[in-house]
Amino acid sequence: MQDEVWFWGSPQGFSSNGALTPKKVFYSHEFGVQSLSSGNNNIIIIQKNGKALQIKNQKEEEIQIDCKIIMASVSYNGYLLLTENGEVYSNGNLQDEESNEKVKKIFDPKIQKEKIIKVVCGVYQTYMLSENGNVYGYGRNSQHQFGLDKPSVCNSPVLIKSDVKNIFAGNYAYCLWMLMNNNKLFVSGFNRTFSLGIGDIKDEVFNHPVENIPKGEIIKIITGFEQSIMLVKNNGKSQIYGCGDYAFNGLGLDTHQKFFAHIDSLQDEDIIDVDSGCFHTLVLTRSNKLFVFGINSSGQLGSNNYDSATKPIQIHIPELVHELQYCRVSAGAFNSFLYFSSSSSLDLDLLNFLDNQEACDIQINTIDGKIGCHYLLLKHVIGENNISNLKQVLNQLNTQEAMNVLKYLYAKIYLNEDLQEKLRKLEMTDFLFDVKFSLKENFLKMRNDEESKDFIIKSDSENIKVHKLVLWARSELFRGMFLSVINDDSNQVSDYSGLSLISLKILIDYLYLDEIEEKYYQFINENVIEDLSKAMDYFQLNENEPNLETKVNKIFLEQKQKQN
């Protein structure tokens, strides 16, 4: 199943024509969409293999960076990219109104010894947060958005503040929000129409403390042209707050809002993502409902008209249903994007594994029966200490409800609102809503857990330890071999000495992670490709597996081109 991108509003990137309602954009890349960021003239897609695509004027181009890209932020016309090793790349001087330069690494003595962990862009200025809590900025400082008495333009990064936990801005704003390690919030920049939520103070402010902020953990602040939206998590539920111009802040009032106020019309929703363009905002809930509000001059609300909305209205997309694994929103200046991943083969295999109760080694009583699960998976998903809590929770649910909880834990298949409400009323359920790792991250932890591996794959030169439950979930061959005795110690070794060690390692890691790790790229040659083809036949990989051979061949060709 392919990942999908939906678009509506003024023309940009994907489309030469605007759209008054969301329309699906054909997206054919087998590596899928990890994130999407949009600006005035740019769309940056980070794929799940860590590569980035730039889409501009209906033309698509892969951004040539050797490192794995983990984050992108788009300014009015330029962009920043952050790699997994903390390096930052840009496509030129982002203080300019138009940047056509090729992407290049930012070299500066002040940040060379720092590992950057987050990048955000304003209109013509950019910010970087280091692992040590230092914030750097460069570009235009015309509204003193750096909070420093510096020139109107900073051509190289300047240190703005230290001891910072998180930073926020907005692609169409002249400001910087800094959340300190002591949880105090400061803002610098232009307070147009109370857009910074600090009251009557006008024009530029310098490192101004933000008072009267909502109780809880600040997840995100996004500032548009004359409004700011804050996403706050409290007691396991996330809500949004707005301030600024009444036409854009989502409160549904006829006066401007000087301080952040709760958007009451969404009080029953648990919100997972929010983003703002110049004058409009997109809101996505945990149950995959999409809400919009603000100015609709270009159809950016997706409501099939040009009527603006001062408070949230729901936009219905039939494909936005609970089977989707991951979904997020991105707001351009006058357009909107929704992108999501369908369940991967790893998710599908695990859900089939859950349905096969014979493979489970724990039986938990429910109100009307029993349900099986696997101790090792639970250990990595919720932690060993929470397994007893999970048993107590499932004891109070019927079997179908219990199965839905397990699917939510393993593959992020969302819980319907009635079940969410029921769980919140039970004791000791907070851990369910605090699961931080994706299925892929949990399988990565399992792969690195050598002590719990209970099966051996033999190659010509080395024994590879694996988990039976992973083989059971991913391979028809081993499902038949183990039958209903996955926990029987009688089957411990399988001999594949006719296959090369590197081919087996690539395949086994792929079973855990659904991807080919970069450390193997240099070893991929024609012999390895042939061996992998044999190994896939031997293992009888499921039909819903992504085409591993296609991915390997693409990597091989890319490596060949680099050598030439």
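The values are calculated or read from the model by the stated rules, or taken from the named source; none is laboratory data. As the structure is a prediction and not an experimental result, all values here were calculated from the model. Backbone-built Cβ (ideal geometry, glycine too); neighbour counts: all protein chains shown. Areas reflect the complete protein model, heavy atoms only, side chains present, ligands, DNA and RNA absent. Shrake-Rupley method; radii C 1.70, N 1.55, O 1.52, S 1.80 Å.
Results, tabulated for the structure shown:
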| quantity | calculated |
| --- | --- |
| 12 Å beta-carbon shell around ASN182, net charge (K/R +1, D/E -1) | +1 |
| Under 11 Å, Cβ to Cβ, from ASP495 - net charge with Lys/Arg +1 and Asp/Glu -1 | 0 |
| Under 18 Å from LYS23, Cα to Cα: lysines that are on another chain or at least 8 residues apart | LYS289 |
| Stretchable slack from MET481 to PHE556, in nm (0.36 nm times residue separation minus alpha-carbon distance) | 23.7 nm |
| Sparse-neighbourhood loop sites, chymotrypsin sites (Phe, Trp or Tyr not before Pro) in region 172-223 - DSSP loop, at most 10 other Cβ within 10 angstrom | none |
| Net +/- balance of residues flanking SER265 in space, Cβ distance below 15 Å, scoring K and R +1, D and E -1 | -2 |
| In region 190-249, GluC sites (Glu not before Pro) in a DSSP loop with at most 16 other beta-carbon atoms within 10 Å | GLU211 |
| Share of carbon and sulfur in the accessible heavy-atom surface of region 172-228 [1.4 Å probe, %] | 49 percent |
| Region 183-230 - accessible surface per residue (Å², probe 1.4 Å) | 43 Å² |
| Dipole in debye (nearest 20) - region 233-341, about Cα centre, beta carbon charges: Lys, Arg +1; Asp, Glu -1 | 200 debye |
| Under 21 Å from LYS202, Cα to Cα: lysines that are on another chain or at least 8 residues apart | LYS150, LYS258 |
| Distance (nanometres) between label positions extended 7 Å along Cα→Cβ at THR255 and GLN522 | 6.7 nm |
| Partner lysines for LYS468 [C-alpha distance under 24 Å; skip if fewer than 8 residues away on the same chain] | LYS370, LYS379, LYS391, LYS407, LYS412, LYS440, LYS445, LYS453, LYS458, LYS505, LYS534 |
